[in-house]
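Since the structure comes first, as structure tokens, the remarks are kept for the end.
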Amino acid sequence: MEANCASKRSCRIFEFLESSIGKKIMVAAAGILLCGFLVTHLAGNLLMFVGGPAFDHYAEALVHNPLLPVAELGLLALFLLHIVLSIRATLANRAARPEGYQVYKGKGARTPGSRTMAVTGLLILAFIIVHVATFKYDVGGLKGQVAGQEESLFAHVLGWFANPWYALFYVLAVGGVGFHLSHGVQSALQTFGVNHPRYTPALKRLGLAFAVLIFVGFASLPVYFGFFHKADLACCAPVEGGSK
Amino acid sequence: MNITLKVWRQKNAAAPGALVEYTVSGVVPEMSFLEMLDTLNEQLIAKGEDPLAFDSDCREGICGMCNLMIDGQAHGPDKEATTCQLHMRRYKDGDVVTVEPFRAKGFPLVKDLVVDRSAFDRIQAAGGFVSTHTGGAGEANAILIPHDMAEKAMDAASCIGCGACVAACPNASAMLFVAAKVSQYALLPQGQPEREKRVLAMREAMDKEGFGHCTNEYECEAACPKGIKLSNIARLNREFLRATLLTE
Ligand code: HEM
Ligand code: SF4
Ligand code: FES
């Protein structure tokens, strides 16, 4: 390892990134930054409850912000870092026990969230691909199918939510995010070395509350607009205030 | 009482292994789990069969040799107890108990229930010491140590290196063991001169042995017979981050 790095310091950084603990710290850091992204994303989404014009105005402003491509690249980098390192860690963990147990019960410390990190992670990944393809790149070509709403992202989103399978997949996926974070937030804190007899129990509860809020917040939209306040595809305007 | 055991039998690392069923007769509640296995071996030897290989030494919970996975739990069902401290009063006549070796790439199997835990010795040798000539016993109060620090260091130092944390961890991670060994020095003045060097070396040795990454599942803490706390792993993470940043 010494041979192929320029200086002692670059060696140390390389060692850190390749070490089990360093990898975990990077996964956790990317994960927490992604949580920050989720909060801003959710705040924007909730504008849908305010009304079509408010949401469309926000979307317009975002799309025309010259810094958006920079932010998108940063986000992509965070996702790639998180996904590549966590998958490598998961594979290494499988390899660390080549022969498994016939009976493996444990002592009840694991949680449903902690058991399913890899599964919920992959579910989120699948969702992100579908989500970006349909909402950003209009794969499936729903844009403008809600009568008279050519340019409205609001109408576009409502069009997708009107499909109960799409709405259901959306709810399932953000449920996956909730599960992922129910373990992820407190786990990331522990990985950063934050553990205090007095504050840790409270931080764990806060992490869980954050996971629930993220789930309820994101799921509220497909549930409301997909099942209670449905847009009528290619027929009539969806909800009051839905047009520009 | 009679106990039915399903135990892992395997001649050596290369040979295939399998669970084999035996019924042990004449088990009494006062026996320890290991004495029950001794009884099985007496009965196997009387029948001319190969006795079961398993490790033990002190049989009083201080050496860390008696490492068994009992019904899927490292050291069995009791809290903060080693296998040798588990007693048959926990079981009743006719119970079926599955006994397996600790499983991890870092703990290669030797025979039956015996695994080789020298990976822990190599990790310890990489940095789990202080390099000072201590001379004769010093004056006890020459180095002042706050009581709570002494307690925390002592708690960490009570790790007996049994490997239950690795066995119980879904990722076969050795973080709790390494965290205990790093903490016991990081908390005391005597450990300071080699503080950074130690954690970097022990982390490297740990990864080299093929143990997994910690994902904070807390199963190690639940399985540890000495009650080593997960907060030690948080300290290990801090120490590692600190050493990475501070070392020249
Ligand atoms: C919105 C997106 C996501 C957020 C906010 C997020 C957040 C987190 C957090 C906070 C952790 C805990 C880190 C730790 O234990 O120290 C974590 C772990 C993990 N993430 Fe994500 N994640 C996201 C997406 C993904 C995706 C797309 C994948 C995979 C394909 C993934 C796979 C994993 C895995 C396997 C772990 C477990 C590693 C471990 O337990 O240590 N995550 N995530
Ligand atoms: S930390 Fe606990 S379980 Fe792990 S080796 Fe030490 S005593 Fe055994
Ligand atoms: S035999 Fe020594 S701890 Fe069990």
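The values are calculated or read from the model by the stated rules, or taken from the named source; none is laboratory data. Small disclaimer: the values here were computed from a predicted structure and weren't measured. Methodologically, a virtual Cβ is constructed for each residue, glycine included, from the backbone with ideal geometry; neighbour enumeration extends over all protein chains shown. Note: accessible area is taken over every heavy atom of the protein model, side chains too, but ligands, DNA and RNA are not part of it. Shrake-Rupley method; radii C 1.70, N 1.55, O 1.52, S 1.80 Å.
The magnitude of the dipole of segment B:1-101, with charges of +1 and -1 set on the Cβ of Lys/Arg and Asp/Glu and taken from the Cα centre, is near 200 debye. Sequentially through segment B:182-187, phi angles give Karplus couplings (6.51, -1.76, 1.60; θ = phi - 60°) of 6, 5, 4, 8, 5, 7 Hz, Gly and Pro residues having no value and appearing as x.
Counting protein heavy atoms only and a 1.4 angstrom probe, how many square angstrom of accessible surface do chains A and B bury in total, to the nearest 100?
The A and B chains share an interface burying roughly 4100 Å².
Exposed loop positions in chain B were taken to be trypsin sites (Lys or Arg not before Pro) whose DSSP state is not H, G, I, E or B and which have at most 15 other beta-carbon atoms within 10 angstrom. Between these positions, the longest stretch is B:93-248.
Taken over the alpha carbons of segment A:36-159 as equal point scatterers, the Debye sum produces base-10 log I(q)/I(0) values at 0.13, 0.14 Å⁻¹ of -0.74, -0.81. For chain B, the relative contact order is 19 percent, taking Cα pairs closer than 8 Å that sit 6 or more residues apart in sequence and dividing their mean separation by the residue count. Using a Gaussian network model of chain B in which every pair of alpha carbons under 10 angstrom is joined by a spring, one finds that among B:S158, B:S173, B:S131 the greatest mean-square fluctuation is at B:S131.
Its relative contact order, with pairs defined as Cα atoms under 8 Å and 6+ residues apart, puts chain A at 27 percent.
Note on segment B:3-111: Cα convex hull, mean projected area over all directions, 7.0 nm². Cross-link check: pairs A:K24/B:K111; B:K47/B:K79; B:K11/B:K208; A:K24/A:K136; A:K23/B:K181 evaluated at a Cα-Cα cut-off of 24 Å; pairs beyond the cut-off: A:K24/B:K111; B:K47/B:K79; B:K11/B:K208; A:K24/A:K136. Cross-link reach is defined here as a Cα-Cα straight distance under 15 Å, omitting same-chain residues fewer than 8 places apart; for A:K204 the aspartates and glutamates meeting it are B:E217.
In segment B:193-235, the residues whose accessible area drops by at least 50 square angstrom when the other protein chains are added to the isolated chain are B:R203, B:H213, B:N216, B:E217, B:Y218, B:E219; the probe is 1.4 Å and only protein heavy atoms count.
Annotation: the antiparallel percentage among DSSP beta bridges lying fully within segment B:3-111 is about 75. Counted as membrane-span-like here are DSSP H helices of chain A whose alpha-carbon atoms extend 24 Å or more along the helix's own axis and whose Kyte-Doolittle mean is 1.6 or above; these are A:20-50.
Treating each Cα of segment B:47-165 as one equal point scatterer and applying the Debye formula with no solvent, the log10 of I(q)/I(0) at q = 0.11, 0.17 Å⁻¹ comes out as -0.54, -1.00. The residues of segment B:136-225 have, on average, 39 Å² of accessible surface per residue, using a 1.4 Å probe with all protein chains present. Farthest toward the positive end of the dipole of the protein assembly as shown, out of A:F37, B:C66, B:P189, is the Cα of A:F37, where the dipole comes from beta carbon charges about the Cα centre. When the Gaussian network model of chain A links Cα atoms closer than 10 Å, the mean-square fluctuations of A:K105, A:K23, A:K230 top out at A:K105. Per the Debye formula on identical point scatterers at the alpha carbon atoms of chain A, with no solvent, log10 I(q)/I(0) at q = 0.13 Å⁻¹ is -0.92. Between B:N12, B:Q124, B:Y22, whose Cα lies farthest towards the positive end of the dipole of chain B when Lys and Arg beta carbons carry +1 and Asp and Glu beta carbons carry -1, centred on the Cα centre? Working it through, the farthest residue towards the positive pole turns out to be B:Q124. Two-decimal Rg/Rh of chain B from alpha-carbon positions, Kirkwood Rh? Checking Rg against Rh, the ratio lands at 1.04.
Relative to the longest principal axis of the C-alpha atoms of chain B, give the angle of the C-alpha long axis of helix B:118-127, reported between 0 and 90° and rounded to the nearest 10°. For helix B:118-127, the angle is close to 10 degrees. Among the GluC sites (Glu not before Pro) in segment B:41-114, those placed in a DSSP loop whose Cβ has at most 15 other Cβ atoms within 10 Å are B:E49, B:E60, B:E80. What number do you get for segment B:93-236 when its Cα radius of gyration is normalised by 2.2 N^0.38 Å, N = residues? My calculation over the Cα atoms of segment B:93-236 gives 1.16. Can you pull the Kirkwood radius for segment A:99-216, inverse mean 1/r over Cα pairs, to one decimal in Å? By the Kirkwood definition, the hydrodynamic radius is 16.9 Å.
The amide H of B:V110, built 1.01 Å from its N in the peptide plane, has B:V115, B:D116 as neighbours under 5 Å, considering only residues 5 or more places off or on other chains.
Ligands, DNA and RNA left out, the 1.4 Å accessible surface of segment B:3-111 is 50% carbon and sulfur atoms.
Rounded to the nearest percent, how much of the accessible area of chain A (1.4 Å probe, protein heavy atoms only) is carbon and sulfur?
The C+S portion of the solvent-accessible surface of chain A is 71 percent.
Seen from a random direction on average, the alpha-carbon convex hull of the protein assembly as shown projects onto 31.0 square nanometres.
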